[in-house]
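Worksheet for the structure shown next.
The values are calculated or read from the model by the stated rules, or taken from the named source; none is laboratory data. Predicted model, so just to flag it, every value in this text is computed and none were measured. Ideal geometry is used to build each Cβ from the backbone, glycine not excepted, and the neighbour counts take in all protein chains shown. What goes into the accessible areas is simple: the full protein's heavy atoms, side chains included, and nothing from ligands, DNA or RNA. Shrake-Rupley method; radii C 1.70, N 1.55, O 1.52, S 1.80 Å.
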Amino acid sequence: MSPVIGVLALQGDVREHVAAVSSCGLRAVPVRRPAELDAVDALIIPGGESTTMSRLLTTFDLLEPVRARIRDGMPAYGSCAGMILLAAEILDGRPDQEQLGGLDVVVRRNAFGRQVDSFEADLQVDGVPGGPVRAVFIRAPWVEKVGASVEVLATVPPLTLTGTDAGAAAGRAVAVRQGAVLATSFHPEITGDLRVHALFCGMVREAAG
Ligand code: GLN
């Protein structure tokens, strides 16, 4: 049977991820309860607000169950706030915000600062064939430090699409993978380009054997 991908549906752009996975040919279902988590083979953690999602994970009794599944090797993909939740450590987070873990990285929340708060750039992403990916960043994190088993798949180019100098952001890691866990600072679910989701669906199929 083909694997089913859950999309954590506590907050954020859930529908867009469900649609993107469906377009890649796998079934996607929203996950709001532990029983729904038990029924999926992989999990997407969408963009939104990581502090809010952290709070809702606790309220909905999902924090420990999701942590446990990720520890046990369930494939996971986090975009933006999802990346923050998967990271081992956050800089500029709220002191009470909880981590799901899974990615041996340090991320900086809202890293790009006011001037380039939201912007687009074309990124070369390793593992994604067919040319650069249009990346939309919305109050995004960047990855400030990676552990030895983390692959950096993409970094910020020196210029954004509007020609703004990326400044201190240039060269920062914005797409990473560690085993079955993938994360992007940007939001491929809103551009109609399915290639990052196709990469994740491939990882999920591989894990399912
Ligand atoms: N800044 C948000 C956070 O801290 C993430 C923004 C996003 O997901 N677009 O969670």
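Output the antiparallel fraction of DSSP beta bridges having both residues in the chain, as a percent to the nearest 5.
Details: 20 of 39 bridges.
Antiparallel bridges make up about 50 percent of those DSSP assigns within the chain.
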Computed over the chain, Cα set: Rg, Dmax in Å: 15.7, 48
Average accessible area per residue (Å²) across the chain - probe 1.4 Å, nucleic acids and ligands excluded: 44 Å²
So what J values fall out for the stretch 145-158 if you push phi through Karplus, 6.51 cos²θ - 1.76 cosθ + 1.60 with θ = phi - 60°, rounded to Hz, Gly and Pro as x? 8, 10, x, 4, 9, 9, 9, 8, 9, 7, 10, 6, x, x
Can you list residues from other chains, or at least 5 along the same chain, whose modelled amide H is less than 5 Å from the amide H of E89? V105, V107
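Normalised by the residues of the stretch 105-209, what does the relative contact order come to in percent, with Cα pairs under 8 Å and at least six apart? The partial results should precede the final answer.
Numbers: 197 pairs, mean separation 27.2, N = 105.
Relative contact order, the stretch 105-209: 26 percent.
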Gain upon complete extension [A207, E151; 0.36 nm per residue less C-alpha separation]: 18.4 nm
Share of carbon and sulfur in the accessible heavy-atom surface of the chain [1.4 Å probe, %]: 50 percent
Enumerate the amide H contacts of R27 below 5 Å, restricted to partners 5 or more residues apart or on another chain; note that Pro and chain-start residues carry no placed amide H. I5
Here, E120 and A168, labelled 7 Å along Cα→Cβ, have an inter-label distance in nm of 2.7 nm
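Run the numbers on the chain and let me know its relative contact order in percent, using alpha-carbon pairs under 8 Å that are six or more apart. List each step's numbers first, then the result.
Details: 481 pairs, mean separation 41.6, N = 209.
Normalised by residue count, the contact order of the chain is 20 percent.
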Quick one: angle between helix 50-59 and the longest Cα principal axis of the chain, in degrees between 0 and 90, rounded to 10, please. 10 degrees
Go through 138-144, 80-86, 120-126 and give me the packing order, highest mean Cβ count within 10 Å leading. 80-86, 138-144, 120-126
Give me, ordered by chain and number, the residues 5 or more places off V133 or on other chains with an amide H under 5 Å from its own placed amide H. L123, Q124, V125
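Given the convex hull of the Cα atoms of the stretch 102-190, what is a quarter of its surface area in nm²? All intermediate terms of the calculation are to be shown ahead of the outcome.
Working: hull surface 22.6 nm².
Mean projected area for the stretch 102-190: 5.6 nm², to one decimal.
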